[in-house]
1. Considering each of Val295, Val280, Val303, Val316 in turn, give the residue that is surrounded by 14 or more Cβ atoms within 10 Å (Cβ to Cβ), in contact with a His (Cβ under 6 Å, 6 or more places away or on another chain), assigned by TED's automatic domain parsing to the domain that holds His267 and closer than 20 Å to Val245 by Cβ.
2. Any idea how many residues of the range 553-569 are in a helix (DSSP H, G or I) and either surrounded by 22 or more Cβ atoms within 10 Å (Cβ to Cβ) or in contact with a His (Cβ under 8 Å, 6 or more places away or on another chain) (or both)?
3. Among the candidates Gly672, Gly649, single out the residue that is assigned to a helix (DSSP H, G or I), on the phi > 0 side of the Ramachandran plot and under 52 Å from the mean Cα position of the chain (by Cα).
4. Against the condition exposed (fewer than 12 other Cβ atoms within 10 Å of the Cβ), modelled with pLDDT of 65 or more and not β-branched (Val, Ile, Thr), how does Gln54 come out, does it pass?
5. Looking at (1) surrounded by 15 or more Cβ atoms within 10 Å (Cβ to Cβ); (2) part of a helix (DSSP H, G or I), which is the one condition that is false for Gly420?
6. Of all residues in the range 590-610, which are assigned to a loop (DSSP other than H, G, I, E, B) and either closer than 26 Å to Thr647 by Cα or in contact (Cβ under 8 Å) with a residue 60 or more places away in the chain (or both)?
7. Mind telling me which of the residues Pro533, Pro462 ends up being of a type outside the set (S, T, N, Q), within 24 Å of Val558 (Cβ to Cβ) and assigned to a loop (DSSP other than H, G, I, E, B)?
8. Which residues, counting only those in the range 119-131, are closer than 20 Å to Pro78 by Cβ and out of contact with any Phe, Trp or Tyr (no Cβ under 6 Å at 6 or more places or on another chain)?
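The values are calculated or read from the model by the stated rules, or taken from the named source; none is laboratory data. Predicted, not measured: the structure shown is a model, and the values here were computed from it. Virtual Cβ from ideal backbone geometry, glycine too; neighbours counted across all protein chains shown.
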Amino acid sequence: MKSIVDGPCEESASPEAAIPEESVIVISDDEAEVSLGLGNSVLIVEDREDSFVQERKTLEVVDEELAITFSRKAHVMPHARYDCSTHPFSRMEQETQIPIEKNASFCDECYCYLCDKPASECSNWTTPDYCHCNAHNKSKHWKGERDTALAGVLTIFNLDLTEIDSELREAGDKLQYFLLQLEQVYNKYLDGAMGMRESVERCGCLCHKAKTAKCKAECAFKHSLVKFHNYTDVHKVVTDFINQVDEGSPRASAVMLLGVAKELVYHKVLENPLSLQDPVAHVKQSTAVLMTRIVSTLQRLLVLKDYPKILYDKFVSFFQSLRLPPHLFTFTSSLNVLRWDNCLLTSVLAGQNLTGYRTNKGKKECLWEALTVVQSRVKKLEEEKSYRQLVRYLNVVKCSENAGLTALKQKLCLYMCKYGDFSLAAQSLLTTKGMQGSIAKYFTPVLYEFHLTMLRVRSCPPGNELQLPEVWVPQTGELLKKGMLVRTALRILYTNSHLFNNSLCWSILVKVWCTCDKPSKEGRLFPLCLHEPDRLVQQTMMHMSCAVLDELQRQANVHLPGPFHTSYSGTAELVLIVQAVVRYLMTANPPLGGLMKLITAFGPNHWALSLLIEGISPMQELLFQFVTSINKELYEEELQTLALFKTRGPSYVSQLMAVFLLHLSDGVRSIGFHLLDIVLRNLTSIPWTGTVANNLTTNVVPFLHTVRVSSAEHQKLVGVIGRLMTG
C-alpha cells in the first residue's frame, strides 16, 4: 500500500508537520469530492504491501507511461477528521446530538474542523447537542459554525474570512471583551437599585422634623425606599469605549462603533417612580447622545477614509439592518453617505452640474448631506487642495443645519482666491449662492480686514484658516477691475450695520488702502505712500464722492467717475474712503472712539488725514468731539502712542504733528502740542528728537502765520523745539 498525502485543507489550518525530503506530496485545489469517497485533504493510491518491506530502487514499469524508480511508505500528515483515511467518516447536513456511527474515532493526526486543534484536545468532540466530531466542510450548518468560531463577533457584519485580517480580528476581540463588560453593567441597570425618594425629590413638608409618630406617618411615603433604574454607569462604560475607538484605525474603528450601535438599540427603557435629573440616567436621552457621537464618527470615517467598496457597503448595510427603537428613528438614514464615485457628487465636483439636482429613473435627487458629512468632505478637499471643486460643492450642497453650512461657506472667498479667481471672490462677498444675502453679513471686524487685505494684495494665507497671517502667499490670477474692490468694501459696511457702527472697521478700510498692493518677497505687507493731488483735484474728488456714496447705499453696481479709472485710481479711491469716513463721523453717536487707530491707519498719507480733518471742520460740534476724543485717547494710551512713534520713526512723527499744528482751529492744534508733550516726557528713550526738531523748524515754524497762531502758541512751539534739539 502506497499513500500520496497532501496537507490539511484550506479551511482546516493546523500546525505543519515535518515533511521528509523523500516524501511524495500532492497538493490538490479541487474542492469537489474525489472518486474514492474521501475529502480533499488525503488521497490514497493502492499498491502492494510487500513493496514497503524495504526501499526499492529497481526500475518497475507500471505501464507504458509511468515507471516507479523509488518508493517508501508515506507519513500521514495532519488532516481534518472528515478526511481521515484510517477511520471512515459519515456525513450529514446537521447532526449535533450524538456522534454519527464511527465519527468519534480519530487517529493521531486528526484535527477538529471547528476548533482547529487536534481532536484529542477538542473539549466538544462528543458533547451532546454540539458534537464537533460530526463537523465537515460540505455542510452549511457546520461551515457557518466554523466561520463563527474563526471570526467571532465579526460574523454579525457578514464579512468573508478573506476580508478579516489581523487588524479586524483584534478589533473583534476588543469588541467582544467590551460586550462582556457592557452586559454586566447593563444587567445591573435592569435589576435596579434601591434608593430614598428624598434623594431625587426633596420633601416639602416640615412635619418629619417634629419627631412625633403622627408626623412620621404623614410623610413616610416621601421618605420611603424605592427602586431606581439608573443608566448612568452604562453610559460611562460606552463612552469610555468610544474614546478608545477614536484612537484606532479606520476599519477597526468602524467595526467597534457599529458593534456598540447594535447593542444600544436593544437596551430597554425602564420607567422610574421619579424622574432622575441627570439626562444620561435615562435610556432615551443617553442612547441618543451616544448614537449621535457614533454616527458622526462613522460619517467622518466613510468620507475621509478609503474603504474598499465591498467593506463600505457591508458597513452601511449592517447599520441599515438595525431595528431602531422610536427614540432613535432620526438615525435611520444617517449612514446613507454618498461614496466619492457617486454620479451626482462627481458631476457636481466636475462642474457639470451647477444645481445639485438630477433626475434618476423619474425621481428627482438632491445633493443633501448631513453637516458632519459636509464638514468631512470640505476637510478632505482642503487637504487635497481641490479648491475649485470645493467651491462647486459648497455652492450646491443642501443641509438641514443651516448655521453650520453657513460657517463653512464663509471660506468661499478664500477658496476662490486660492485658485486665482479674485473677481468672483469679491462678488461672493455681496452675493453668495445658496444663501439669503451674503456671507459678509456674518463678518466680524477681523474677517472684514482679512478679506479686504486678501483681495487687495491678491495673496492668501499659507493655510486654510480665516486668520490674518504673518506671511502672505501671492496667487496668480486676473487683476480686479478698477474700483471693484472699493465698491465692495463700502457696500459691505452699508449692508452690515454691525460693521458700519464700529469705528475699527473704518480704520481697517483706511489701513488696507494705505498698504502696498503686493507683498514683499518674504510675504510681508508694508505701508503705501499714495500720490498727493493738488488741492483743487482733492476738492473735486471729494465732491464727486458724495454722489458715488449715495448710490452705494442703494446698490452695489455703481458707475465710478473718470478719476477712478486712471493711473491715479488709488488716490481717487482713498479720497472716496475719506469722504465715507466723514459721513460716518457725522452719523456716529458720541463719544467717538478708536480715533487714534483711524489717524494712524493713514500711514504716510498725511494729506489724506488733513483732508479728513478739513471735511469735518465746518461742523463745530463734531470737530469738538473729534478733538476731545483724540486728546482723551492720547492721555489714556500714551505708551501705545510712544511705541508707534518708535516704530515709524522721526519723519512720520514730525509730519503727523505738522498736520495738527498747521490747522486753523486751535482745538486741532492742541492735538499737535499733546503729541509734542509725549515726546518731551520720553526724551531719554527717543534717540531722534533732534531730527524731529529740525523737521518742525523747516516745515512748520515758517508757516505758523498762515494759520494765525497766537504768540503764546508760537513761543511754546519754539521752546519745545529747543528742548528737542538739546535732547
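1. Numbers: Val295 fails: in contact with a His (Cβ under 6 Å, 6 or more places away or on another chain); Val303 fails: in contact with a His (Cβ under 6 Å, 6 or more places away or on another chain); Val316 fails: in contact with a His (Cβ under 6 Å, 6 or more places away or on another chain).
Just one listed residue meets the conditions, Val280.
2. Taking the range 553-569 first, the residues in a helix (DSSP H, G or I) are 562-565, 569.
Next, from what is left, pick out any that are either surrounded by 22 or more Cβ atoms within 10 Å (Cβ to Cβ) or in contact with a His (Cβ under 8 Å, 6 or more places away or on another chain) (or both): 564.
Total meeting the criteria: 1.
3. On the way: Gly672 fails: on the phi > 0 side of the Ramachandran plot.
Result: Gly649 is the single residue among Gly672, Gly649 that is assigned to a helix (DSSP H, G or I), on the phi > 0 side of the Ramachandran plot and under 52 Å from the mean Cα position of the chain (by Cα).
4. Details: exposed (fewer than 12 other Cβ atoms within 10 Å of the Cβ): yes; modelled with pLDDT of 65 or more: no; not β-branched (Val, Ile, Thr): yes.
Against the criterion (exposed (fewer than 12 other Cβ atoms within 10 Å of the Cβ), modelled with pLDDT of 65 or more and not β-branched (Val, Ile, Thr)), Gln54 does not qualify.
5. Tallying (1) surrounded by 15 or more Cβ atoms within 10 Å (Cβ to Cβ); (2) part of a helix (DSSP H, G or I), Gly420 fails exactly one: (2).
6. Here is the first cut: in the range 590-610, the residues assigned to a loop (DSSP other than H, G, I, E, B) are 590-594, 602-605.
Listed by number, the residues that qualify are Leu592, Gly593, Gly594, Phe602, Gly603, Pro604, Asn605.
7. Result: Pro533 is the single residue among Pro533, Pro462 that is of a type outside the set (S, T, N, Q), within 24 Å of Val558 (Cβ to Cβ) and assigned to a loop (DSSP other than H, G, I, E, B).
8. Ser120, Glu121, Cys122, Ser123, Trp125
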